[in-house]
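The values are calculated or read from the model by the stated rules, or taken from the named source; none is laboratory data. No experiment lies behind these values; they were computed from the predicted model shown. So basically every Cβ, Gly included, is an ideal-geometry build from the backbone, and we count neighbours across all protein chains shown.
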Amino acid sequence: MKASLRRLLLLGAAATVAASALVAAACGGDDDDDATPAPTETAAQTATAAPASPSPAAAYPVTVTDMLGRNVEIKAEPKTIVAVSPTAVELVYAAGKTVAGRPSTANYPPEAQSAQAVGTAYQPNLEAILALKPDLVIADSVIHAQPALRQPLEGLPVPVIFAGANSYQQVLDALRLVGKALNATATTDKVIADIEQSLANAKKAVAGKNITAIAVLSDRDQTLYAAKSTSYTGDILKELGIKNPADALPDAGPFPGYATIAPEKLVEFNPDYIFAITPAPPPAPRLANLIPTIPPFRGLKAVTNNHVIDSDVELFVQAPGPRVKLALDAVAKAVGGQ
């Protein structure tokens, strides 16, 4: 079974490659690289959580259809909520609510860190979850879709819904689901409208420019991976109408939605922009700073035009969700100066 890219980054298995090792790999060298420090969660990106807005009184019990197609009855408005992934935590706060429990890997929004840790997203502690006596558990429809994680969560004696995102559209779907479950549709509708406005602004910034772009990250084995349109990052580029040459690559490597990209292939594609994602936090070298130092890449249009963009791993990989607005704004700023 293929590993999840989000799991690799969240658990710290992936790390940015050291400059000398990446240069050696690009030039055909075979020296082993020293392992870089295991990454921890990056600093939270500035964003304002949506304040709670009054919604029309919901008629409980209410039945919602979650993002795994399950019909779940919620008998009363949830007051004690446990969210079991960083994305789920952000969805709750975007709805103007709070969580009593969170995975230890969730660090946004900052106020969520006062909630009790209930294991990690990939190793939830069921006893810790139940100890909080939740009215509702929100699991992740992407992370927890595998039976080994899904079945224990489904077995909890409380309502459990699965909400997550692997695309722009799924972010909106997840917000609608959580808004309905938490009697907060007025609030989530405003968040959705704000995201849709950011998409419109970003499309305007890109319109008529005929831009090509590739989003890349690297692992500790010196391998570069390019995001295809079937990944969350690639889907953002697709939504904006940006041409992604990586879509021509066959699926390869351990990460669904990403393709292994050889240095010579990146040179062949020669994109206008490169969105470089560094899995490890500072002081690890930034991939955006390393790429221009690699001899085969020095003549790339993205390098010569200073269009290698350091892109936030949280926004583009680790926590797909309401902060898609910030990801869209970042692309618009890089490409259109918005």
Handout entry: Elements of type helices (runs of 4 or more DSSP H) in region 211-297, at least 2 residues being buried (at least 23 other Cβ atoms within 10 Å of the Cβ), modelled with pLDDT of 95 or more and touching an Asp or Glu at 6+ places or on another chain (Cβ under 7 Å)
Key = none
Fill in the blank from the handout: Among the residues of region 216-232, the number that are closer than 16 Å to Asp312 by Cα and among the acidic types (Asp, Glu) is 1
Completion exercise
Reported set for region 117-152 where residues are free of Cβ contacts under 8 Å to residues at least 24 places away in the same chain and within 27 Å of Pro61 (Cα to Cα) is Glu127, Ala131, Gln151
Handout entry: One residue from Ala280, Ala327, Ala227, Ala284 being small (Gly, Ala, Ser) and closer than 25 Å to Thr188 by Cβ
Key = Ala327
Fill in the blank from the handout: Screening Ala181, Ala202, Ala207, Ala284 for residues that are out of contact with any strand residue (DSSP E or B) (no Cβ under 8 Å at 6 or more places or on another chain) and within 18 Å of Pro322 (Cα to Cα) leaves only Ala202
Problem - Residue within region 102-117 that is touching a strand residue (DSSP E or B) at 6+ places or on another chain (Cβ under 7 Å) and in a helix (DSSP H, G or I) present - result: yes
Handout entry: Qualifying residue in region 147-161 (condition: surrounded by 20 or more Cβ atoms within 10 Å (Cβ to Cβ), over 18 Å from Pro86 (Cα atoms) and among the charged types (D, E, K, R))
Key = no
Practice task
With the condition kept exactly as written, say whether any residue in region 156-170 is of a type in the set (A, V, I, L, M), modelled with pLDDT of 95 or more and in a helix (DSSP H, G or I).
Solution key: no
Completion exercise
Checked Gly69, Gly179 against criteria (at pLDDT 95 or above, assigned to a loop (DSSP other than H, G, I, E, B), under 28 Å from Lys238 (Cβ atoms) and not aromatic (Phe, Trp, Tyr)); the one match is Gly69
Practice task
Provide a single number: the residues in region 133-151 that are over 18 Å from Leu91 (Cβ atoms) and either part of a loop (DSSP other than H, G, I, E, B) or under 18 Å from the mean Cα position of the chain (by Cα) (or both).
Solution key: 2
